[in-house]
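Q: First the structure, then my questions, so here it is.
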Amino acid sequence: YPSEFLVQKITEDNQIPLHLHVSVSLQYVAGLKGRALVEFFHSNIAEVENEELRHLMWSSVLFYKTPNVEVMSCVLLSTKAIYFLLDDSFIHADEHQSDFWNKENSDCENSSFHLSCCFVLKLNDLQSVNVGLFDQYFRITGHSADHIVTCLTRDSYNTHTFIQQLMAVLSLLARTPSPEPVDKDFYSEFGSKNTGKMENYELIHSSRVKFIYPNEEEIGDLAFLVAEKMDGLTNLPSLNILLYVLAFQVNHFEGSAQNTTSLQPKTLILTSSDLFLFDEDYISYPLPDFAKEPPKRDKYQLADGRRIRDLDRVLMGYQTYPQALTFVFDDVQNQDLMQNLTLDHFGE
């Protein structure tokens, strides 16, 4: 029997972001309010009778096995597990997923029957949580490749709230205590640290789940990468990353039956002299322990880059959130200004 405050909070959080489209089945979930939402959880999703629903969040998610398919999900945190309620369309989005998703019920074509698949990650299987730069996303890691999910909240507040709720729920777990640490001698204590690379900040929770946060070195690596893409036009020490934000690039298709737009996930990076759009791999880095080889693509791949001095004007949308921005650059006929941004670093 959740408190009135918790029921009200979960009801307030049960709102699909306006710019993302979801199936009818998830729209039904988003329409539930108050006690009806709690009843829905217990009768359709919960695996154990005595588990409590503690938090609800709508977020785009990525799976380690399907890193190119971003799908909208209703994320439900209970005292036993994290549930990802997904569109049925996600199953059909990629033919390589047949071994990952159980398709035995996917032949229900009756229009009055709307199927959602639910991916369950039990809290007892949780090993680590990696928080992305500036809390724009976080990755939950279990014991195998099937149990790695990234939530692209694109919102530091939602990320922070979920992490706080997750820590609170993990505190309720009764896990066997860690063995007593072995006394280390001087050489083993200090010798292992000379790896030449600073480790990320780790917070080991009482449940033995690691919460890993990025350090300043990641920003430095990103600044170096950006400077490399600029082909040495700028002085690295003076290069400051002013803004890092996960956004969508709007592609407008004209000439079709109805003019449509598609949203392409991009990482926007603003420096003191340039504006960059990167395709970022949010799911493969840092490498999980069981990974036998590095990912097939780099963490950051340059999609577009423009100089701020070529920016003519910025058009702002009127809606409150998400804010639509249109950057209008001067139409420069001489394209040699841009070639250093598009050449592959190891190309001809």
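Q: Take the stretch 21-37 and flag every residue that is buried (at least 16 other Cβ atoms within 10 Å of the Cβ) and in a loop (DSSP other than H, G, I, E, B).
A: Answer for the stretch 21-37, where residues must be buried (at least 16 other Cβ atoms within 10 Å of the Cβ) and in a loop (DSSP other than H, G, I, E, B): Val22, Ser23, Leu32.
Q: Can you pull out the residues in the stretch 1-20 that are more than 16 Å from Met72 (Cβ to Cβ), part of a helix (DSSP H, G or I) and out of contact with any helix residue (DSSP H, G or I) (no Cβ under 8 Å at 6 or more places or on another chain)? So that I can check it myself, show each step before the final result.
A: Here is the first cut: in the stretch 1-20, the ones more than 16 Å from Met72 (Cβ to Cβ) are 1-12.
Now drop any that are not part of a helix (DSSP H, G or I), which leaves 4-12.
If the condition is that a residue be more than 16 Å from Met72 (Cβ to Cβ), part of a helix (DSSP H, G or I) and out of contact with any helix residue (DSSP H, G or I) (no Cβ under 8 Å at 6 or more places or on another chain), then Glu4, Phe5, Leu6, Lys9, Glu12 are the ones that fit.
Q: Looking at the stretch 270-284, which of its residues are open to solvent by 10 Å² or more (accessible area, probe 1.4 Å), polar (S, T, N, Q) and either assigned to a strand (DSSP E or B) or modelled with pLDDT of 95 or more (or both)?
A: Selection gives nothing.
The values are calculated or read from the model by the stated rules, or taken from the named source; none is laboratory data. Quick caveat, the model's predicted, so the values are computed rather than measured. All Cβ positions, even for glycine, are placed from backbone atoms using ideal geometry, and neighbour counts span all protein chains on display. All accessible areas refer to the heavy atoms of the entire protein, side chains included, with ligands and DNA or RNA removed. Shrake-Rupley method; radii C 1.70, N 1.55, O 1.52, S 1.80 Å.
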